[in-house]
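Colleague: Here it is, the structure in full.
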Amino acid sequence: MGFRINTNIGALNAHANSVVNANELDKSLSRLSSGLRINSAADDASGMAIADSLRSQAATLGQAINNGNDAIGILQTADKAMDEQLKILDTIKTKATQAAQDGQSLKTRTMLQADINRLMEELDNIANTTAFNGKQLLSGNFTNQEFQIGSQSNQTIKASIGPTQSSKIGVTRFETGSQSLSSGIVSMVIKNYNGVEDFKFQSVVISTSVGTGLGALAEEINRSSDKTGVRATFDVKTIGAHEIKEGRTSQDFAINGVTIGQINYKDGDENGQLVSAINSVKDTTGVEASRDENGKLVLTSRDGRGIKITGDIGVGSGILATQKENYGRLSLVKNDGRDINISGTNLSAVGMGAADLISQTSVSLRESKGQIDANTADAMGFNSYAGGGKQIVKGFSTVSAYMSSGNGFSAGSGFSAGSGKNMSTMLQNSLVFIKDDMSGASGYYNISAGSGFSSGSGQSQFATLKISAGNSAGVTYKNAGVTTLKGAMAVMDIVETATTNLDQIRADIGSVQNQLQVTINNITVTQVNVKAAESTIRDVDFAAESANFSKYNILAQSGSYAMSQANAVQQNVLKLLQ
């Protein structure tokens, strides 16, 4: 090896290595001071891309967790508001139950109704004011609301909260059949009671014997009400056409086969002879007699068997010939507002045959606080006889034509037109006669499409049609809410439906809350794992990097020493020149 002074190869090598060591030492110091393995794209280009993607995903998941917690907060706000509404409904039902007994007077029932009205106002106030961040929750507008709960778009959970105003909840279906005037064996089926299947009840005998009649049928229906959702009541009652006048029964006068015999009674049954005689055998006949506030004779079957009068009860009793056999009216109620689809055999014996007039209505909680129109009251079972409003007869242009058509009112029956028996007047006040089609009734009736009685339908039947208030049909209204016994019973049914409606809404949002909580738990774990994966790529391993720092630090020092020695070696050339 020669001695050269122009080019110090050793010093150059030492310098080059020192530069490399200095760069590595700088990188190591940068990593140790920042805690990151990747401080620039040059440190690890592909690793940086992956780490950035993972960091974005973790941040998005964090916001998704916040979204989910916001959603839970919204649903919990609605849930607590509905809990207060349910307490209000419990109070309303308690007051309706309090009113549902005849120990209450009209005055006290009116007071209870006033309390109920106030409670309904507060229920509606809760529904209209419950909000989250200015967004109404219980008004019915909070439907199909989406919450982003993932790191990618359209990874959402939807939530809906149904309306809870009194006008939207408690919609209850009431249906009451026509008055049954014939006995027989009835087999009843509720079609599609759960949307799919039919429910068939055991056959029931409709007669005047113990354990038969609408009472037995109602018992059979109510036995399965938890499954079908349909409950039944009955009203078997015969009411005289006028105040009791002086009269006499025949020797063979009997009720439900039990002979009562001859009775002389006075105007208004002043001495109670007629009522007492009938009640003396009520435990055997099942029929109890009383006088109503207008002095009319009222015969009531408490257990729901029929009432059949044989012999002569006397014209003075007010009981018409057409009233001597009565099996009552059956009322059905369903808590979901849907139509009760009935089929079966011999349904005419319970007033629900194909040719019978079935009064039907659906009533919400709010409607129960107002005056009840006659058609609604009839569907609720207020009346012992069919006829919440006028009925319409197609094919007869006059009452005389109808009475002479073989309907039991022809000449010689004692009730023909002009007989003075007021039957003609009664029919004229309760029926509308249309000769050809239904078009002539359009001024008085709202005939809905599909009813089977619209113009040109060709139906020769009766049809109970909704009558507008203030027309000439002569409908009568019932007092509002719990101010009557029947009304109180109906309010109990409606409140029960309203409670079920709110419970269903709460159950739905409770399910969504659980779904959200599970989702939050899942994405929380996912976020932790994503951050761990990013940390593995981006964060520095201090133990390894400390070792690297020590190595490069020592190499930097040794590099400086090597450069110093390389420069010193050049001094050996001077010895050659001495």
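Colleague: Name the one entry in 21, 6, 69 that is within 30 Å of residue 569 (Cα to Cα) and either surrounded by fewer than 17 Cβ atoms within 10 Å (Cβ to Cβ) or among the small types (Gly, Ala, Ser) (or both). Walk me through how you get there before you give the answer.
Modeller: Values: 21 fails: either surrounded by fewer than 17 Cβ atoms within 10 Å (Cβ to Cβ) or among the small types (Gly, Ala, Ser) (or both); 69 fails: within 30 Å of residue 569 (Cα to Cα).
Of 21, 6, 69, the one residue that is within 30 Å of residue 569 (Cα to Cα) and either surrounded by fewer than 17 Cβ atoms within 10 Å (Cβ to Cβ) or among the small types (Gly, Ala, Ser) (or both) is 6.
Colleague: Hey, does the stretch 152-159 have a residue that's in a strand (DSSP E or B) and crowded, with 20+ Cβ neighbours inside 10 Å? Break it down stepwise before answering.
Modeller: If we filter the stretch 152-159 for residues that are in a strand (DSSP E or B), which is where we start, we get 156-159.
Subset that is crowded, with 20+ Cβ neighbours inside 10 Å: 159.
Yes, there is a match, as at least one residue in the stretch 152-159 is in a strand (DSSP E or B) and crowded, with 20+ Cβ neighbours inside 10 Å.
Colleague: Residues of the stretch 64-111 being farther than 30 Å from residue 527 by Cα and without any contact (Cβ under 8 Å) to a residue 12 or more places away in the chain, which ones? Step through it out loud before you land on a result.
Modeller: To start, the set of residues in the stretch 64-111 that are farther than 30 Å from residue 527 by Cα comprises 80-111.
Those that are farther than 30 Å from residue 527 by Cα and without any contact (Cβ under 8 Å) to a residue 12 or more places away in the chain: 80, 87, 94, 103, 104, 105, 107, 108, 111.
Colleague: Out of everything in the stretch 189-223 that is part of a loop (DSSP other than H, G, I, E, B), in contact with a strand residue (DSSP E or B) (Cβ under 7 Å, 6 or more places away or on another chain) and not basic (Lys, Arg), what residue ends up being nearest to residue 347 (Cα to Cα)?
Modeller: 203
Colleague: Among the residues of the stretch 258-273, which ones are part of a strand (DSSP E or B) and either within 52 Å of the chain's Cα centre (by Cα) or on the phi > 0 side of the Ramachandran plot (or both)? Lay out the reasoning, then the answer.
Modeller: Taking the stretch 258-273 as the starting set, the residues that turn out to be part of a strand (DSSP E or B) are 258-259, 264-265.
Across the stretch 258-273, the qualifying residues are 258, 259.
Colleague: Select, from 26, 43, 52, the only residue that is among the charged types (D, E, K, R), part of a loop (DSSP other than H, G, I, E, B) and either under 26 Å from residue 545 (Cβ atoms) or in contact with a Gly (Cβ under 6 Å, 6 or more places away or on another chain) (or both).
Modeller: Just one listed residue meets the conditions, 43.
Colleague: Let me ask you something else. Consider only pairs whose beta carbons are under 6 Å apart and that are at least six residues apart or on different chains; among these, list those whose first residue lies in the stretch 350-369 and is under 14 Å from residue 491 (Cβ atoms) and whose second residue is part of a strand (DSSP E or B) and of a type outside the set (Phe, Trp, Tyr).
Modeller: Sorted first by the residue in the stretch 350-369, then by its partner, the pairs are 363/172.
Colleague: Give the residues of the stretch 238-257 that are outside any loop (DSSP other than H, G, I, E, B), surrounded by fewer than 20 Cβ atoms within 10 Å (Cβ to Cβ) and out of contact with any Phe, Trp or Tyr (no Cβ under 8 Å at 6 or more places or on another chain), sorted by residue number.
Modeller: Initially, the stretch 238-257 is screened for residues outside any loop (DSSP other than H, G, I, E, B), giving 238-243, 247-248, 254-255.
Pick out the ones that are also surrounded by fewer than 20 Cβ atoms within 10 Å (Cβ to Cβ) and you get 239, 241-243, 247-248, 254.
Passing the criteria: 241, 242, 243, 254.
Colleague: Here's a follow-up. Using the structure shown, decide if residue 283 is out of contact with any strand residue (DSSP E or B) (no Cβ under 7 Å at 6 or more places or on another chain), closer than 30 Å to residue 229 by Cβ and among the charged types (D, E, K, R). Give the derivation first.
Modeller: Numbers: out of contact with any strand residue (DSSP E or B) (no Cβ under 7 Å at 6 or more places or on another chain): yes; closer than 30 Å to residue 229 by Cβ: no; among the charged types (D, E, K, R): yes.
Considered against the rule, which asks whether it is out of contact with any strand residue (DSSP E or B) (no Cβ under 7 Å at 6 or more places or on another chain), closer than 30 Å to residue 229 by Cβ and among the charged types (D, E, K, R), residue 283 comes out as no.
Colleague: Return a yes/no flag: does the stretch 184-192 have any residue that is without any contact (Cβ under 8 Å) to a residue 60 or more places away in the chain, at negative phi and loosely packed, with under 14 Cβ neighbours inside 10 Å.
Modeller: Taking the stretch 184-192 first, the residues without any contact (Cβ under 8 Å) to a residue 60 or more places away in the chain are none.
The answer is no; no qualifying residue exists.
Colleague: If I ask for residues that are out of contact with any helix residue (DSSP H, G or I) (no Cβ under 7 Å at 6 or more places or on another chain) and modelled with pLDDT under 80, which ones from the stretch 538-560 would you list?
Modeller: 539, 541, listed by residue number.
Colleague: Another question, if that's okay. Pick from the stretch 343-384 the residues that are of a type outside the set (A, V, I, L, M, F, W, C), assigned to a helix (DSSP H, G or I) and within 24 Å of the chain's Cα centre (by Cα): which of them is surrounded by the most Cβ atoms within 10 Å (Cβ to Cβ)? So that I can check it myself, show each step before the final result.
Modeller: Step one: filter the stretch 343-384 for residues of a type outside the set (A, V, I, L, M, F, W, C), giving 343-346, 348, 351, 353, 356, 359-362, 364, 366-371, 373, 375-376, 378, 381, 383-384.
Imposing the further condition that a residue be assigned to a helix (DSSP H, G or I) reduces the set to 348, 366-369, 375-376, 378.
Adding the requirement that they be within 24 Å of the chain's Cα centre (by Cα) leaves 366-369, 375-376, 378.
Details: 366: 18, 367: 21, 368: 29, 369: 20, 375: 21, 376: 23, 378: 27.
Taking the candidates together, the pick is 368.
Colleague: Let me spell it out: the conditions are (1) at positive phi; (2) without any contact (Cβ under 8 Å) to a residue 40 or more places away in the chain, and residue 39 meets all of them except one. Which number is the exception?
Modeller: Residue 39 satisfies every listed condition except (1).
Colleague: So, of the residues in the stretch 284-335 that are surrounded by fewer than 21 Cβ atoms within 10 Å (Cβ to Cβ) and hydrophobic (A, V, I, L, M, F, W, C), which turns out to be farthest from residue 492 (Cα to Cα)?
Modeller: The qualifying residue farthest from residue 492 (Cα to Cα) is 315.
Colleague: (1) more than 48 Å from the chain's Cα centre (by Cα); (2) at pLDDT 80 or above; (3) more than 26 Å from residue 150 (Cβ to Cβ): which one isn't true of residue 535, the others all being true?
Modeller: (3)
Colleague: A follow-up question, please. Could you identify the single residue in 95, 107, 87 that is under 31 Å from the mean Cα position of the chain (by Cα), among the basic types (Lys, Arg), surrounded by fewer than 16 Cβ atoms within 10 Å (Cβ to Cβ) and assigned to a helix (DSSP H, G or I)?
Modeller: Numbers: 95 fails: surrounded by fewer than 16 Cβ atoms within 10 Å (Cβ to Cβ); 107 fails: under 31 Å from the mean Cα position of the chain (by Cα).
Answer to the selection: 87.
Colleague: Using the structure shown, decide if residue 122 is part of a helix (DSSP H, G or I) and either surrounded by fewer than 22 Cβ atoms within 10 Å (Cβ to Cβ) or more than 20 Å from the chain's Cα centre (by Cα) (or both). Can you show your working first?
Modeller: Numbers: part of a helix (DSSP H, G or I): yes; either surrounded by fewer than 22 Cβ atoms within 10 Å (Cβ to Cβ) or more than 20 Å from the chain's Cα centre (by Cα) (or both): yes.
The answer is yes for residue 122.
Colleague: Just name the residue that is modelled with the lowest pLDDT out of those in the stretch 316-338 that are on the phi > 0 side of the Ramachandran plot and outside any strand (DSSP E or B). Before the answer, list the steps.
Modeller: Kept after step one, since they are on the phi > 0 side of the Ramachandran plot, are these residues of the stretch 316-338: 318, 328, 337.
Next, from what is left, pick out any that are outside any strand (DSSP E or B): 318, 337.
Values: 318: 89, 337: 79.
Filtering the stretch 316-338 for residues that are on the phi > 0 side of the Ramachandran plot and outside any strand (DSSP E or B), the one modelled with the lowest pLDDT comes out as 337.
Colleague: So, one more: What are the residues in the stretch 38-69 that are in contact with a helix residue (DSSP H, G or I) (Cβ under 6 Å, 6 or more places away or on another chain) and over 30 Å from residue 153 (Cβ atoms), if any?
Modeller: Passing the criteria: only 39.
The values are calculated or read from the model by the stated rules, or taken from the named source; none is laboratory data. What you see is a predicted model, and the numbers here were worked out from it, not measured in a lab. Note that we place each Cβ from the backbone using ideal geometry, even for glycine, and neighbour counts take in every protein chain shown.
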